[in-house]
Amino acid sequence: MGDQQVSPLAPYDPPLEETYKNLLKNELGGSSPMSVQEQIIVEARELPLIDLNKLRSGEKEREECKREIAKASEEWGFFQVLNHGIPRNLLVEMREEQEKLFRKPFIEKLNDKNLLDGSYWWGTSSANCLAHQFSWSEAFHLPLSHIYDSGCLTSISSTMEQYASKVSELAQQFAEILTENIGQDPSYIKQMCLPNTCYLRMNRYPSCPLPQEVTGLMPHTDSDFLTILHQDEIGGLQLFKDGKWVAVKPYDGALIINIGDLFQAWSNDVYKSVEHRVVVNKWSERFSMAYFLCPTHDTIIESFVKPSVYRRFSFREYRQQVQEDVKKFGCKIGLPKFLNII
């Protein structure tokens, strides 16, 4: 672990630079597009920081903590938590195993379908022009059902299974608090989001010689109920708030939670699914791990408050629409496609 300066030409890196430069050459004759980092002012601000020890204290402290979680979800759509119950040694082990996995040769990661069940991807699969915001990153995107099926995993399986179990419990806890806050049965979320419907994604952002031209991960919102992120000390996560990109400083030992599109729609815009992105670093690679709390594909998303901002839709329908829009436009449209036209 620690800050490592890794060359973009390392044998385990995907051909990000070559692909991006080819797009640049074909479209602009080698001239430089407007920097993605300079389009909008970036400022550093502190995310709400919540101590979850209060959930294990007296009734007054528990209720105060729940209010803090709800307020941050309404005003920011993002917050950080301390004393979350995931042991530090487990986070360290998970990071070490993650590094080993990404250090495998690129060809092996790309072609070995037995490597984490063929869950590897890199760059932006839809990118065929600069407008598609080519992402400088690689990842393993795993359904939790695969994680619990140790036959499809490598030696990382035991550590990953422990982590998945802990973070799943934490996600359910947040979901129940937020569900109760909007006046609904907190157990309802368990009926929608099952262990085999959620996902874990391990991310790596290689050092980038073109930090002013590309993002590590293009601006987007998450298509789930909520996401729990563990990131390293390098930083790079930014969210869009009050007309500006806000840089999120890494906080030692903290996890980051953000609201997804489904919670925004289900809460009738009480909670906010906020656009965010990852910027790249010229000298250092960055690692992160995200857990996505997702429902079954047949789950119907419909606000209990009327009039509803969004029309009734299934999670399957939502995912299909997102995929179609990315293929057609190079980016996700998301909830605006599901507005309730009266």
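With the requirement that a residue be assigned to a loop (DSSP other than H, G, I, E, B) and modelled with pLDDT under 95, what does the range 207-226 give you? Give the steps one after another, and end with the answer.
First pass over the range 207-226, keeping only residues assigned to a loop (DSSP other than H, G, I, E, B): 207-214, 216, 221-225.
The answer is SER207, CYS208, PRO209, LEU210, PRO211, GLN212, GLU213, VAL214, GLY216.
Within the range 294-317, at least one residue is in a helix (DSSP H, G or I) and out of contact with any Pro (no Cβ under 9 Å at 6 or more places or on another chain).
Every residue in the range 323-336 that is on the phi < 0 side of the Ramachandran plot and at pLDDT 95 or above, please. Spell out the reasoning first.
Our first condition is that a residue be on the phi < 0 side of the Ramachandran plot; within the range 323-336, this holds for 323-329, 331-333, 335-336.
Correct list: LEU335, PRO336.
Of the set (1) aliphatic (A, V, I, L, M); (2) more than 30 Å from GLU68 (Cβ to Cβ); (3) not in a loop (DSSP other than H, G, I, E, B), all apply to VAL280 but (3). Restrict the check to the range 75-91 and report whether at least one residue is buried (at least 17 other Cβ atoms within 10 Å of the Cβ), more than 30 Å from SER57 (Cα to Cα), under 19 Å from the mean Cα position of the chain (by Cα) and in contact (Cβ under 8 Å) with a residue 12 or more places away in the chain. Taking every residue of the range 75-91 in turn, none turns out to be buried (at least 17 other Cβ atoms within 10 Å of the Cβ), more than 30 Å from SER57 (Cα to Cα), under 19 Å from the mean Cα position of the chain (by Cα) and in contact (Cβ under 8 Å) with a residue 12 or more places away in the chain.
Here is a yes/no grid of residues against (1) within 30 Å of PRO11 (Cβ to Cβ); (2) in contact with a helix residue (DSSP H, G or I) (Cβ under 6 Å, 6 or more places away or on another chain):
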position	(1), (2)
PRO206	yes, no
THR215	yes, no
LEU229	yes, no
GLY253	no, no
VAL280	yes, no
THR299	no, yes
SER314	no, no
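A quick yes/no check of all residues on (1) touching a His at 6+ places or on another chain (Cβ under 9 Å); (2) modelled with pLDDT of 95 or more; (3) not in a helix (DSSP H, G or I):
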| site | (1), (2), (3) |
| --- | --- |
| HIS146 | no, no, no |
| THR159 | no, no, no |
| SER165 | no, no, no |
| LEU170 | yes, yes, no |
| GLN173 | no, yes, no |
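Screening PHE329 on (1) touching a helix residue (DSSP H, G or I) at 6+ places or on another chain (Cβ under 8 Å); (2) under 21 Å from HIS220 (Cα atoms) shows it passes everything except condition (1). Every test in (1) crowded, with 18+ Cβ neighbours inside 10 Å; (2) out of contact with any His (no Cβ under 7 Å at 6 or more places or on another chain); (3) in a loop (DSSP other than H, G, I, E, B) is passed by THR124 save one, and that test is (2).
Counting only residues that are in contact (Cβ under 8 Å) with a residue 24 or more places away in the chain and under 28 Å from ARG103 (Cα atoms), the range 248-292 holds 25 of them.
Which of the following residues is modelled with pLDDT of 80 or more, closer than 24 Å to ASP222 by Cβ and not acidic (Asp, Glu): LEU110, LEU142?
Values: LEU110 fails: closer than 24 Å to ASP222 by Cβ.
Step by step, each of LEU110, LEU142 is checked, and only LEU142 is modelled with pLDDT of 80 or more, closer than 24 Å to ASP222 by Cβ and not acidic (Asp, Glu).
The values are calculated or read from the model by the stated rules, or taken from the named source; none is laboratory data. Because the structure is a prediction, the values reported are computed rather than measured. Here Cβ is always computed from backbone atoms with ideal geometry, including for glycine, and neighbour counts include all displayed protein chains.
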